[in-house]
Amino acid sequence: MQLAFIVYSNSVDNEMVEIVKKHAGGYTKFVGVHGEVKKEPHLGSHVWPSVNNCIMVAADKKALAEIWK
């Protein structure tokens, strides 16, 4: 069993939840997470309005490999 912490744009939330549920079953989701990467800040502000979500998944290696595809 391994733990994966996946950070992604909230614009793809439905797709990410579907993928995780299909391959791992359960998850814990954190909504409205702020952060910066080299490309574009996701700060939930009027200047940088986008935000991220995070999903934490505990699954075996095979299930996690399917999620990363």
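The values are calculated or read from the model by the stated rules, or taken from the named source; none is laboratory data. The shown structure was predicted, so the numbers you read here are calculated from the model rather than taken from an experiment. We place every Cβ from the backbone using ideal geometry, glycine too, and count neighbours over all the protein chains shown. We work out accessible area using only protein heavy atoms, side chains counted, and drop any ligands, DNA or RNA first. Shrake-Rupley method; radii C 1.70, N 1.55, O 1.52, S 1.80 Å.
Just a few scattered comments:
- Within the same chain, aspartates and glutamates fewer than 8 places from Lys29 are excluded, and of the rest, those with a Cα less than 18 Å from its Cα are Asp13, Glu15, Glu18.
- Contact order normalised by residue count of the chain, Cα under 8 Å, 6+ apart, percent: 45 percent
- Cβ charges +1 (Lys, Arg) and -1 (Asp, Glu), total dipole of the chain, debye: 200 debye
- When a 1.4 Å probe is rolled over the protein heavy atoms, the share of accessible surface on the chain that falls to carbon and sulfur comes to 56 percent.
- Residues Ile55, Ile19, ordered by accessible area of protein heavy atoms at a 1.4 angstrom probe radius and largest first, appear as Ile19, Ile55.
- From the coordinates of this entry, Kirkwood radius over Cα pairs in Å is computed, and it appears in (1) 12.6; (2) 13.5; (3) 14.1 under the label (1).
- Based on protein heavy atoms only, segment 16-69 ends up with 71 Å² per residue of surface accessible to a 1.4 Å probe.
- Where trypsin sites (Lys or Arg not before Pro) fall in DSSP loop in segment 22-58, at most 16 other Cβ within 10 Å: Lys38, Lys39
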